[in-house]
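The values are calculated or read from the model by the stated rules, or taken from the named source; none is laboratory data. All of these numbers come straight from a predicted model, not from anything done at the bench. Cβ coordinates were reconstructed from backbone atoms using ideal geometry, including for glycine residues, and neighbour counts include every protein chain displayed. Ligands, DNA and RNA are excluded from the accessible area calculation, which covers all protein heavy atoms including side chains. Shrake-Rupley method; radii C 1.70, N 1.55, O 1.52, S 1.80 Å.
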Amino acid sequence: VDEVIQADIHSETKRGILCLVDVPSQAYGRREELLGIHQALAGAVDSYARARLAGHPIVSLLVGKSMSGAFLAHG
């Protein structure tokens, strides 16, 4: 996402960014929480916000059985 923002910084027309989201469940446990799954999600959302502020349209495509709160954050 950062590369697209930088590549289009001087362009009048900004490229769209398509996000494919496949988060089938909230089956994460203590280990995943300790490994920083919440930080990875926060980083993705931060990237989307910076791209939107730079003028890029963002489209999120939810695939599969997206049933966790993560799909809300990506959407």
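Side notes on the structure shown:
- If only residues of segment 31-57 that are at pLDDT 70 or above and more than 17 Å from the chain's Cα centre (by Cα) are counted, the one that is least open to solvent (accessible area, probe 1.4 Å) is 35.
- Taking residues in segment 1-30 that are at pLDDT below 85, and partners anywhere that are β-branched (Val, Ile, Thr) and not in a helix (DSSP H, G or I), the pairs with Cβ atoms closer than 8 Å and at least 6 places apart or on different chains are 20/63; 21/63; 22/63.
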